[in-house]
Amino acid sequence: MTTPSAHGRPIFMRHWLRDPIGIGALLPSTPSVARALAAQMQLGRTGPILELGAGTGTITSGLIAGGAAPERLILVESKPELVDHLRAHYPGTRAICGDATRIDAVLGEIGVTQLATVISTLPIKWFDLEAQRATVMPCMKRLGPGGYFVQITNAPTSPIDYRRLRINAARVDAVWFHFLPVQVWRYWLD
Ligand SMILES: C[S@@+](CC[C@H](N)C(=O)[O-])C[C@H]1O[C@@H](n2cnc3c(N)ncnc32)[C@H](O)[C@@H]1O
């Protein structure tokens, strides 16, 4: 495994030039954001850790450094070239080329019925309500009560419309020294 922030930058920026909204950020996240997200993992719960919008793997590196066995990580990413990159750099993980708004089918196809934690860097604030629902609620069903769907954002407010989805939400962390400050949100069911 190479240095997380270095190996993926050119490929990430190339994708940003082609599809800035779909990629959602000019640069991959920094190791400090990866550490903040790794701290949200609930390693004591049963089931895989699901990473949504894995990109070139900067967060994946942080999750592994934070104690997740690669075999426990399911990485979902919609851009095939980035999935090839993930498969090359993160052996042992399950990197799936798929659309997070179809996560129920994606997880159904590989027989995943339970999740420990979901870590998302998707540009979810740009998803409409139904796309947010289709992404978040199948994860909630597999997380069960007490399992966290964790999402970062550069916005000052929740990137997920949790009131209309009728789920709980709290801002739990922030990384201020970043090219754009990052807020970390947690969502869960009672
Ligand atoms: C802001 S980037 C984060 C990349 C990486 N995790 C990081 O933090 O540097 C968002 C990623 O989500 C992916 N993405 C966007 N919409 C998606 C969708 N509907 N399903 C799966 N991946 C998606 C993009 O291709 C991109 O790699």
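The values are calculated or read from the model by the stated rules, or taken from the named source; none is laboratory data. No experiment lies behind these values; they were computed from the predicted model shown. A quick note on method: Cβ atoms are made from the backbone with ideal geometry, for glycine too, and the neighbour counts reach across all protein chains shown.
Which of the following residues is among the hydroxyl-bearing types (Ser, Thr, Tyr), more than 9 Å from the ligand (Cβ to nearest atom) and either touching a residue at least 24 places away in the same chain (Cβ under 8 Å) or within 28 Å of residue 173 (Cα to Cα) (or both): 29, 61?
Criteria check complete, one pass: 61.
Evaluate the range 130-148: report whether one residue or more is among the aromatic types (Phe, Trp, Tyr) and more than 12 Å from the ligand (Cβ to nearest atom). Walk me through it before giving the result.
First, the residues of the range 130-148 that are among the aromatic types (Phe, Trp, Tyr): 148.
Checking which are more than 12 Å from the ligand (Cβ to nearest atom) leaves us with 148.
Yes, that holds for at least one residue.
List the residue pairs whose Cβ atoms are under 7 Å apart, where the first residue sits in the range 121-137 and is in contact (Cβ under 8 Å) with a residue 24 or more places away in the chain, the second is surrounded by fewer than 21 Cβ atoms within 10 Å (Cβ to Cβ) and of a type in the set (Gly, Ala, Ser), and the two are 6 or more positions apart or on different chains.
That search, which allows pairs on different chains as well, returns 123/24; 125/155.
Buried (at least 18 other Cβ atoms within 10 Å of the Cβ), out of contact with any His (no Cβ under 6 Å at 6 or more places or on another chain) and within 15 Å of residue 113 (Cα to Cα): does that describe residue 136?
Working: buried (at least 18 other Cβ atoms within 10 Å of the Cβ): yes; out of contact with any His (no Cβ under 6 Å at 6 or more places or on another chain): yes; within 15 Å of residue 113 (Cα to Cα): yes.
Judged against the criteria, residue 136 is a match.
Taking into account only those residues within the range 56-67 that are out of contact with any strand residue (DSSP E or B) (no Cβ under 8 Å at 6 or more places or on another chain) and closer than 15 Å to residue 87 by Cα, which is surrounded by the fewest Cβ atoms within 10 Å (Cβ to Cβ)?
Taking the candidates together, the pick is 61.
Can you name the number of the only condition in (1) in contact with a Phe, Trp or Tyr (Cβ under 8 Å, 6 or more places away or on another chain); (2) in a loop (DSSP other than H, G, I, E, B); (3) among the polar types (S, T, N, Q) that residue 135 fails?
Failed condition: (2).
For the range 162-171, check the following and say yes or no: at least one residue is at positive phi and away from the ligand (no atom under 15 Å from the Cβ). Please lay out each step first, then the result.
Taking the range 162-171 and keeping what is at positive phi, we get 166.
Still in the list and also away from the ligand (no atom under 15 Å from the Cβ): 166.
Yes - at least one qualifying residue is present in the range 162-171.
Under 9 Å between Cβ atoms, at least 6 apart or on separate chains: pull out the pairs that start in the range 91-105 with a residue that is modelled with pLDDT under 95 and end on any residue that is of a type outside the set (Gly, Ala, Ser).
Note: no pairs meet the criteria.
Count, please, the residues in the range 68-124 that happen to be exposed (fewer than 14 other Cβ atoms within 10 Å of the Cβ), on the phi < 0 side of the Ramachandran plot and part of a loop (DSSP other than H, G, I, E, B).
4
Filtering the range 36-55 down to residues that are surrounded by fewer than 16 Cβ atoms within 10 Å (Cβ to Cβ) and under 14 Å from residue 150 (Cβ atoms), which residue is nearest to the ligand (Cβ to nearest atom)? Even if it seems obvious, please write down each step before you answer.
We begin by selecting, within the range 36-55, every residue surrounded by fewer than 16 Cβ atoms within 10 Å (Cβ to Cβ); these are 39, 43-44, 46.
Subsequent filtering for residues that are under 14 Å from residue 150 (Cβ atoms) retains 39, 43.
On the way: 39: 15, 43: 19 Å.
Once the filter is applied, the top-ranked residue is 39.
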